[in-house]
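The following block contains the structure, expressed as structure tokens.
The values are calculated or read from the model by the stated rules, or taken from the named source; none is laboratory data. For clarity, every value in this text was computed on a predicted model and none was experimentally measured. All Cβ positions, even for glycine, are placed from backbone atoms using ideal geometry, and neighbour counts span all protein chains on display. The accessibility values were calculated without ligands, DNA or RNA, using every heavy atom of the protein model including side chains. Shrake-Rupley method; radii C 1.70, N 1.55, O 1.52, S 1.80 Å.
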Amino acid sequence: MLSTAYVMPSDNFFSRVLSVVGADLKFRFRRPAAVITFLVAAMAVYLIIPDIRTGRTLMQIEGRRVLYNSPTVALGTGILCSMLLSIFGFYLAGNSFRRDILSRVGFVVAGTSVRNRDYITGKFIGAVIYLMAMMMTCMLSAIIMFFLRGEGDLEPWVFLSYYLWIGVPIVVFCASMTIAFESLSFLSGRLGDSLYFLVWASTLAVPIGLLENNIGSSWIAVFDVVGIAPVIDMMRERFHTSSFSLGFIDFNTRLQPVLFDGIDWSWKLVLGRLAALVGPLLLIGITPLWFHRFDPTRIKATVRHSRKGLRKLLNAMVKPATRLLAYLLLSRGKGGYRVWCRILPAEVVTTFILSPLATLAWVVIMVLSLTLPAETIRDGIVPVIMVLLVLSLSEVTTRDTAARTLGILFTVPSMQKNYLMFKFLAAWMFALSFTAIPIVRLLPLSPSSAGSLFIGSGFIAGSAVGLGLLTRDRKTFIAVFLMLLYIALNAKDVPVLDFAGFLGCATPGVQAGYLVLTLVILSVAHFSYIAKVDRM
């Protein structure tokens, strides 16, 4: 059905593009992962609009909370949702090309009249619609929350105008980066995921840095895809202060709240947001020039080319370490081992070998974990470990399908029925290889943080395996966990977000909750997987 939409003969550019868009949207919105994603987006809005009776607020200025009227709720939730979408939108909208390669639809497209620009444009529009639907889901959730916690009359046009003004540039940015990265094979994997994380950080840091130092103020709007710079500038002019905060933050209950009566729309403000579209649209405009058009020769050539230069040098440097690790863990010795006792370490070593840079990172993490103070390990090293684990474990299940090695793996006795447990144990062993020393170092300082890190290692391993099997996509796991990590690091005293102990505030109830959540994810994935196996 998907391929039929692509091969529809037409000499009209718009008809070809609409065919690609239709096929892309059908696949995106029919997947169970889409429903889960939209529910998570709606729940995130609930978390970022706190009840003022808790002593926290969505927006505060110089310690005074801002009244929850329509402009405040729309602007606050719009900015925070766009910041979250800017990081996980790239991962959620990705894998479109890879999906067409695995299903062989891409090779059908290559033989039709669909041109490179038609296909790229269609995929780009499909990604924009999908991400914009997510932004509108956040808006509807914010409106529902306004009925519960708002102060004043509901103004639907305010919500819509603010979300479009804030959301459109970030949606276009994420969609264009996704399509451009996937068009180059060496950027469609973990290298691209890591590179985008750096690009995302730059889109937040550069505009704010330029604004604070009054450098190139006329160029800020071009780089500020999130839209935080004009909001800061607006608050400075309106309230004559730079002390402005958004998020789940404390406020002084003894001070009177302040009123934010909305954005003063001007051509400068509108043109500034339109300027943020220039870069992404130029990028998507030149993407057809390097699109491989599913040519196996060009794809392989691109992969070979990606191994040159710095990456090849780093891989060569750490390759002896992975070989030594494989020898130490996989050697049978005199007595021999049972099959599962051999293949579990083999799976862990495979994860290291497929990502040699993870080995280099492991060495650095071990050195720092042995030398730095325990408090520094908890506050600074553990969050870095979480990012490394997210990127390293994202392909722990999907790589078997992509490499077509499941048939070989299932020749191991009882492997097919216990595939999920095997993957989970291997992923947990890999995670513990990074967190074991930090856990031991944290025990004297904070036994609770050490316990949370142990449970969190299992949580991230179980989620990587469970979400990988349920969605058959590595990027869902990346998006969910990077979003969770981002929220946790910006709400440092909220116990429920301390899933790995780096906040030092998790309660026994929170620890038990993450343990139960891990078991739930694994159970749902297991029964879904077993049902699929029984149908085969």
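With point charges of +1 on the Cβ of Lys and Arg and -1 on the Cβ of Asp and Glu, referenced to the Cα centre of region 17-88, which listed residue (46, 63, 84) lies farthest in the positive direction of the dipole?
46
Could I ask something else about it? Excluding same-chain residues fewer than 8 positions from residue 268, which aspartates and glutamates have a Cα within less than 18 Å of its Cα?
224, 233, 237
Where does each of 454-463, 280-289 land if you order them by average Cβ count within 10 Å, highest first? Numbers along the way, then the final one.
Values: 454-463: 24.4, 280-289: 16.1.
Highest-to-lowest ranking by the protection proxy: 454-463, 280-289.
Using protein chains only and a probe of 1.4 angstrom, how many square angstrom of residue 115 are accessible, to the nearest 10?
Surface open to solvent at residue 115 totals about 130 Å².
Can you figure out the FRET efficiency of residue 47 with residue 12, using R₀ = 35 Å and their beta-carbon distance, to the nearest 0.05? Write out the running numbers ahead of the final one.
Working: r = 46 Å, r/R0 = 1.31.
Here the calculated transfer efficiency is 0.15.
Please give the length that would be gained between residue 243 and residue 418 if that part of the chain were fully extended, namely 0.36 nm times their separation in residues minus their C-alpha to C-alpha distance (nm, one decimal).
57.5 nm
Same structure, new question: Find which of 166, 116, 133 sits farthest along the positive direction of the dipole of region 82-171, computed with +1 on the beta-carbon of Lys and Arg, -1 on that of Asp and Glu, about the Cα centre.
Toward the positive end, the furthest listed residue is 116.
Amide H of residue 249 versus every other amide H placed in the peptide plane: which residues, excluding those fewer than 5 positions away on the same chain, fall under 5 Å?
When sequence neighbours closer than 5 places are left aside, the close amide H contacts are 57.
Would you please give the residues with an amide H less than 5 Å from that of residue 258, counting only those at least 5 places away or on a separate chain, with H modeled from the backbone geometry?
65, 66, 67
How would you rank 512-520, 79-87, highest first, on the average number of other Cβ atoms within 10 Å across their residues?
Working: 512-520: 15.1, 79-87: 23.8.
Put in order of decreasing packing, that is 79-87, 512-520.
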